[in-house]
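As structure tokens, the structure follows; a few thoughts come after it.
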Amino acid sequence: MVRMSVLADALKTMSNAEKRGKRQVLLRPSSKVIVKFLQVMQKHGYIGEFEIVDDHRSGKIVVELNGRINKCGVVSPRFDVQVKDME
């Protein structure tokens with residue numbers, strides 16, 4: 001099965017684990033976009049520490065949850081955006 005959005009899958013996994021009351025969640029596959037997004041979430045206090053696990057494949061990320069995520073998701077535009085139009 002082809003993953004359309006790795007970031008959307010990761011955020012949905014974190015949201016579902018948070019609803020179930022889990023303290024940790026395993027995100028796979030890993031990507032640079034997910035790592036940057038997690039750094040922003042960590043800076044604002046929504047998640048705790050996270051660790052990148054290199055398994056010589058696609059990689060995994062273990063995230064410590066602290067119970068502050070209510071809902072998170074990806075808003076992906078369905079229209080073309082030029083670079084000069086982005087903020």
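The values are calculated or read from the model by the stated rules, or taken from the named source; none is laboratory data. Nothing here was measured: the structure is a model prediction, and the numbers come from that model. We place every Cβ from the backbone using ideal geometry, glycine too, and count neighbours over all the protein chains shown. Keep in mind that these areas ignore ligands, DNA and RNA; they rest on the heavy atoms of the full protein, side chains included. Shrake-Rupley method; radii C 1.70, N 1.55, O 1.52, S 1.80 Å.
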Checklist entry - At a 1.4 Å probe radius, carbon and sulfur cover how many percent of the accessible area of the chain? => result 51 percent
Item to check | Rounded to whole Hz, the Karplus (6.51, -1.76, 1.60) HN-Hα couplings of region 21-38, x for glycine and proline | outcome: x, 6, 9, 9, 9, 9, 9, 8, x, 8, 8, 5, 5, 5, 5, 5, 5, 5
Item to check | Approximate spin-label separation ARG20-ASP55, in nm, with each point projected 7 Å along Cα-to-Cβ | outcome: 1.6 nm
Item to check | Heavy-atom accessible area ranking, 1.4 Å probe, most first, across SER15, SER5 | outcome: SER5, SER15
Checklist outcome for this item: In order over region 75-85: 3J(HN,Hα) from phi, Karplus 6.51/-1.76/1.60, θ = phi - 60°, whole Hz, x for each Gly or Pro, gives 9, 10, x, 9, 9, 6, 10, 7, 5, 5, 8
Checklist entry - For the chain: lysine pairs with Cα atoms under 28 Å, gap of 8 or more or different chains, count? => result 27
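Leaving out ligands and nucleic acids, note down the accessible area per residue over the chain with a 1.4 angstrom probe, in whole Å².
Working: 7070 Å² over 87 residues.
Accessible surface, normalised per residue, equals 81 Å².
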Next on the checklist: Give me the one-decimal nm value for the distance between modelled label points at HIS44 and ASN70, 7 Å along each residue's Cα-to-Cβ direction.
Outcome noted: 1.2 nm
Checklist entry - Tell me, what are the semi-axes, in whole angstrom and largest first, of the equivalent ellipsoid of region 20-87 as set by the roots of 5 times the Cα gyration tensor eigenvalues? => result 25, 17, 11
Checklist entry - Long-range amide H contacts for CYS72: which residues qualify at under 5 Å (H placed 1.01 Å from N, peptide plane, sequence gap of 5 or more or a different chain)? => result none
Checklist outcome for this item: From most to least accessible, 1.4 Å probe, no ligand or DNA/RNA atoms counted, ARG57, ARG28, ARG78 line up as ARG78, ARG57, ARG28
Checklist outcome for this item: Sorted by chain and number, the residues with a modelled amide H under 5 Å from that of ILE47, at a separation of 5 or more or across chains, are GLN42
Checklist entry - Sorting PHE79, PHE50 by accessible area (1.4 Å probe), largest first, what list results? => result PHE79, PHE50
Next on the checklist: If you average the C-alpha positions of region 1-38 and of region 47-73 separately, how far apart do those two centres end up, in angstrom?
Outcome noted: 7 Å
Next on the checklist: With a cut-off of 8 Å between alpha carbons and a minimum separation of six or more residues, what is the relative contact order of the chain in percent?
Outcome noted: 32 percent
